Structure formats: C-alpha cells, structure tokens
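J.: What follows is a structure written as structure tokens; I'll ask about it next.
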Amino acid sequence: MKMPAIALFACLTACTATTGLEVSGQAALGQIGHVGPTLDQARRDFLGGGGPLGGSFATIPVDYSQGGNLVGTLALVRSDALTGNLHLRSRIYAEHSTVAARLPNGLGVFTDPMEAAMWANGVGGEVSLGRDLTLPGGQQAQLAAGLGVSRVQSRVHLQSALIDLRATTRITLPYASLTARYAPVTGPGLQADIRAYSADQVELRLGLVQSW
C-alpha cells in the first residue's frame with residue numbers, strides 16, 4: 001500500500017517545479033453568461049413550469065446594445081509549474097456584475113419589449129492547464145484551458161409598458177473556459193475570457209487584470 005503512495009509523491013515532486021500563490025483582480029466588459037439562465041429562472045419564478053433549469057434560456061433573445069455589462073473579479077490563484085512552460089492553476093474567486101439589456105420579444109407570455117437590469121454576486125472555482133510564454137522585453141503571455149463552476153445570486157428587475165417584475169434568483173453553472181492574457185513588465189495586463197456553459201450559451205469577456 002505504501003509503494004503507490006510513494007510513487008505518486010515522487011511523480012508530483014518531479015513534475016512540479018515551483019508553486020506560487022497570488023491575488024488577482026479583474027475589471028471586464030462583455031456578454032455575461034449567467035444572464036440567460038437567470039432570465040429562465042426568473043421566468044419560472046414569475047410564471048411557473050418550464051422544465052429543468054437551462055432548458056429554454058438559450059431561446060430568449062437578449063439585446064446587449066445598451067451596454068452597461070460590467071463584471072469585477074477578485075481571485076486567489078495557486079500556480080504549479082509543470083514540465084517546460086506548462087502551469088496548472090487552481091483558483092477560487094468572487095465576482096460582482098451588473099447588466100443592462102433589452103428583451104425585444106419579452107419573456108414568456110409577456111410579449112411586449114422589456115428592459116432588464118441585473119445585479120449579481122457570485123463565487124466559484126476553476127482549474128486550468130496553460131502555457132506561459134516570455135515575450136521580448138520581459139513581457140509575459142498566458143494561454144490556458146480549464147473547467148470550473150460558478151454559483152450566482154442575482155437581483156432581477158424586468159420592466160415593460162404592462163408589468164414591473166422583480167425577483168431574486170440563485171443558480172449553479174458548470175463551464176469550460178479558454179483564457180488569453182498579456183502582462184507587461186509593469187502595470188495591469190489585458191485578459192480575454194471565453195466561458196461555455198452549454199453548446200449555445202457562451203460568455204465573452206475582455207478587461208484589465210492585475211496580480212499581486
């Protein structure tokens with residue numbers, strides 16, 4: 001029984017060169033992925049029925065042209081250097097987001113156009129495998145793919161000519177992610193994130209990031 005444990009420990013020791021811990025903050029704009037599932041949960045809370053969560057949210061048209069979709073993230077990140085320039089990163093994070101959008105076809109039986117506002121707080125965890133690249137002048141770039149899960153609580157306000165609806169929703173969303181990050185020698189870096197919650201529900205973010 002001891003030999004497999006000793007072999008596993010030896011492999012982890014050999015494959016992991018260094019371990020680092022950092023705090024990361026990000027401010028980003030984009031199409032925030034929990035909007036669709038949150039609207040679906042709100043629809044079911046308002047109207048009842050609807051089957052399993054996520055069964056219909058992708059069919060709800062959402063117009064983000066009003067802007068105002070902001071997300072701030074604070075994360076604790078552990079980075080383990082593997083062979084070469086590969087890194088295994090584990091992070092836990094807290095997020096706050098605000099969304100202003102329009103529902104041109106309404107929601108459920110309410111078919112008049114609606115204005116939607118959301119304020120959300122979330123926590124989550126993610127594990128990713130990535131490659132770190134050193135650019136000329138000491139600048140850094142990272143490319144990574146990972147898996148994570150997010151738990152989001154949202155306050156929702158839907159308003160049209162006929163109705164004024166408010167709700168609080170709580171949803172849990174697993175996802176797959178792709179991240180590209182550019183870090184200059186000093187100052188904040190630039191980071192782009194793609195999260196896929198399902199085949200037809202994809203989140204895009206672009207923002208500034210700073211690590212300490």
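FYI, it's all coordinate maths here, none of it is from the lab. Source: prediction; values computed, not measured. We place every Cβ from the backbone using ideal geometry, glycine too, and count neighbours over all the protein chains shown.
J.: Given a Förster distance of 22 Å, report the FRET efficiency between residue 21 and residue 131 from their Cβ-Cβ distance, rounded to the nearest 0.05.
T.: Taking R0 as 22 Å, the efficiency between residue 21 and residue 131 is 0.65.
J.: How long is the gain from residue 210 to residue 192 if the chain were fully straight, where each residue apart is worth 0.36 nm and the alpha carbon distance is subtracted?
T.: Here the segment from residue 210 to residue 192 would lengthen by 5.2 nm.
J.: Taking the Cβ of residue 158 as the center, what net charge do the other residues with Cβ under 9 Å away carry, scoring Lys and Arg +1 and Asp and Glu -1?
T.: -1
J.: Under 5 Å between amide H atoms, partner at least 5 residues away or on a different chain: which partners does residue 31 have, H built in plane at 1.01 Å?
T.: Amide H neighbours of residue 31: 204.
J.: Using a simple spin-label model with points 7 Å from Cα along the Cα→Cβ vector, what separation in nm is obtained for residue 200 and residue 86?
T.: 3.6
J.: Next question. Please list 79-88, 131-140 highest first by mean number of surrounding beta-carbon atoms within 10 Å per residue.
T.: Final packing ranking: 79-88, 131-140.
J.: Could you give the dipole magnitude of the range 19-211 about its Cα centre, charging the beta-carbon of Lys and Arg +1 and that of Asp and Glu -1, in debye to the nearest 20?
T.: Here the size comes out at about 280 debye.
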